[in-house]
Amino acid sequence: MSSTARGVRARARIEVTAAIKDEARRQLAEEGAAKLSLRAVARELGMASSALYRYFPSRDELLTALIIDAYDSIGAAAEAARDAASGSDPARRWTLVCEAVRVWALAHPHEYALIYGSPVPGYTAPDDTVPAAARVGHVFIGIMRAAQGDACLDRPELPPGLRPEADRMTADLAPDLPPENVTALVAAWAELFGLIGFEVFGQFNRVVEDRKAFFRHAADRLARGVGLMPPQQGEGATPARRA
């Protein structure tokens with residue numbers, strides 16, 4: 001087969017794969033992930049089920065592809081916000097990244113639900129999803145590393161009984177950061193997606209009206225909670241060191 005023919009076939013495969021994913025996302029929006037069906041996707045695209053199976057042999061493989069795409073998309077949004085705020089202090093970069101993640105979630109509620117909502121019955125995400133899922137977390141870890149280098153990272157308090165777990169999480173996630181800050185980061189991670197989930201899934205209805213202002217206030221509080229300080233507070237300070 002000539003290189004031209006291979007190129008045509010590769011482009012065709014990319015286009016069909018994209019069409020399958022688009023239809024699957026439409027079904028996610030209408031039916032939810034638990035009801036995603038390869039046969040239904042094939043029917044809507046005018047394909048034979050056997051033809052679709054050449055692209056995605058099972059529902060779980062299609063779900064995995066959609067999950068990776070969603071994690072990559074929200075990760076790219078976080079990275080773009082971080083890069084756009086490269087001249088800002090770490091606390092400000094943190095808040096801007098949080099806001100970008102929120103904006104993405106509100107624009108993609110069904111994809112957000114797929115990766116941060118209820119588990120899909122009968123589906124277990126494979127290790128293939130881990131690198132994409134970690135992208136947002138790596139952005140926050142990078143901001144904290146930069147803050148530590150600029151003497152803008154304070155150490156939160158850590159209860160003595162939590163020290164073994166803090167040391168374990170630190171070894172797994174960011175060995176170059178103090179365990180106090182890594183522990184606070186994990187808690188802030190959960191709080192961030194809890195805040196966003198409450199908004200995406202309607203729990204803030206009749207509770208919070210100015211949600212953008214409320215979210216910014218909460219994101220600023222999370223920044224302080226993980227130890228990020230404005231430059232004027234960090235000037236002359238000694239960067240945090242591991243105990």
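Hey, any hits in the stretch 83-97 for a residue that's part of a loop (DSSP other than H, G, I, E, B), under 22 Å from GLU30 (Cβ atoms) and either open to solvent by less than 30 Å² (accessible area, probe 1.4 Å) or not small (Gly, Ala, Ser) (or both)? No, there is no match, as no residue in the stretch 83-97 is part of a loop (DSSP other than H, G, I, E, B), under 22 Å from GLU30 (Cβ atoms) and either open to solvent by less than 30 Å² (accessible area, probe 1.4 Å) or not small (Gly, Ala, Ser) (or both). Restricting the search to the stretch 36-59, which residues are closer than 17 Å to VAL120 by Cα and exposed (fewer than 12 other Cβ atoms within 10 Å of the Cβ)? Hit for the stretch 36-59 is SER58, nothing else. Screening TYR71 with (1) surrounded by 14 or more Cβ atoms within 10 Å (Cβ to Cβ); (2) more than 12 Å from the chain's Cα centre (by Cα); (3) not basic (Lys, Arg) gives one miss only, at (2).
VAL120 satisfies every condition listed in (1) open to solvent by less than 30 Å² (accessible area, probe 1.4 Å); (2) among the aliphatic types (A, V, I, L, M); (3) in a helix (DSSP H, G or I) except (3).
Residue count for the stretch 79-133 under the criterion of being of a type in the set (Phe, Trp, Tyr) and within 17 Å of GLY32 (Cα to Cα): the result is 3. When the stretch 135-168 is filtered for residues that are touching a residue at least 40 places away in the same chain (Cβ under 8 Å) and assigned to a loop (DSSP other than H, G, I, E, B), the ones remaining, listed by number, are ASP150, ALA151, CYS152, ASP154, ARG155, PRO156.
The values are calculated or read from the model by the stated rules, or taken from the named source; none is laboratory data. None of these values were measured; they are calculated from a predicted model. Don't worry about glycine lacking a Cβ; one is built from the backbone with ideal geometry, like all the others, and counts go over all protein chains shown. Calculation scope for accessible area: heavy atoms of the full protein, side chains included, ligands and nucleic acids excluded. Shrake-Rupley method; radii C 1.70, N 1.55, O 1.52, S 1.80 Å.
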